[in-house]
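Report on one structure; see the data block that follows.
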Amino acid sequence: MNGAESRTSPVGIDQERSRRDFLKTAAWATAAISAAGIGGFGVATRFANADHEPVPETVGPLTINYDTYLGLGDAAILSFALQLERLEGTFYANGVDAGIFSGPALAQITAIRDAEMAHVDFLTAGLQGAGAPVPPAPNLTYPPGVFQDPAAFLNLAATFEPVGIGAYGGAAAALESKEFLASALSIHNAECQHRVGINILQGVQPPNDLLFEPTLPLQAVVDAVAPFGVTPG
Ligand SMILES: [Fe+2]
Ligand SMILES: [Fe+2]
């Protein structure tokens, strides 16, 4: 690949711009984690559950963050996950319907849409199976113009995916049910594939670039999705 080709993504997005936006996303995630570390653990403390063993904040290179989800309970964690999936699923469905992608890019966005919708159905069934209430669909809102501009769409996708990954990674170990834990692990892996798929569409090189997927504390996830109309319920 020559220099000119290496700067052009499969959907014609300037790679340098994508890279800058990617780094902004990474900076946001870092800031969110550090902000939560300083002042955002109020949620965690409120929900802290004495039944759980104390856990270290870090294990090697990993920041665990699962203690921030303790005490919510499986149903509340799944319920919040369902709202995150609705946020993502509706986003990708709108992206497919907008007609701004074609060819392999459209196939990838469509595949991610189908995965998010499958996650919505799966979590809905999980809540129903557990006898827990299924929350009403949130009144979702997205930034103006995001469904008219492929670059803007992909930038937002590149923000959503790490939030979902961080939420599942953070909450997984707080789940009591091993069935739910296994389910969360499976969905988490699918979300990681989405992150890499979006990286490919943005021309990020290399698209698969992490040693460990970061987790996010609950408050960082809450803050990240609140502007789009999603609340933990
Ligand atoms: Fe999903
Ligand atoms: Fe996703």
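The values are calculated or read from the model by the stated rules, or taken from the named source; none is laboratory data. Fair warning: this is a prediction, and the values are worked out from it, not measured in the lab. Ideal geometry is used to build each Cβ from the backbone, glycine not excepted, and the neighbour counts take in all protein chains shown.
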Problem set entry | Count - residues of region 85-120 that are touching a Gly at 6+ places or on another chain (Cβ under 9 Å), over 18 Å from A152 (Cα atoms) and basic (K, R) | 0
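Quick grid of which residues meet (1) under 19 Å from N199 (Cβ atoms); (2) of a type in the set (D, E, K, R); (3) at pLDDT 95 or above:
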| site | (1), (2), (3) |
| --- | --- |
| L82 | no, no, yes |
| R86 | no, yes, yes |
| A105 | yes, no, yes |
| M117 | no, no, yes |
| L140 | no, no, yes |
| P143 | no, no, yes |
| A171 | no, no, yes |
Seminar exercise, completed: Pairs returned, first residue in region 132-160 that is at positive phi, second residue that is at pLDDT 95 or above, beta-carbon separation under 9 angstrom, 6 or more apart or interchain, are G145/A152
For this session: Restrict the check to region 60-76 and report whether at least one residue is modelled with pLDDT of 95 or more, within 16 Å of ligand 1 (Cβ to nearest atom) and over 19 Å from E213 (Cβ atoms).
Result: no
For this session: Please work out which one of (1) closer than 13 Å to D74 by Cα; (2) under 17 Å from the mean Cα position of the chain (by Cα) is the condition V120 fails and give its number.
Result: (1)
Exercise. Within the bounds of region 106-113, is there any residue that is within 15 Å of ligand 1 (Cβ to nearest atom), of a type in the set (K, R), surrounded by fewer than 23 Cβ atoms within 10 Å (Cβ to Cβ) and part of a helix (DSSP H, G or I)?
Worked result: yes
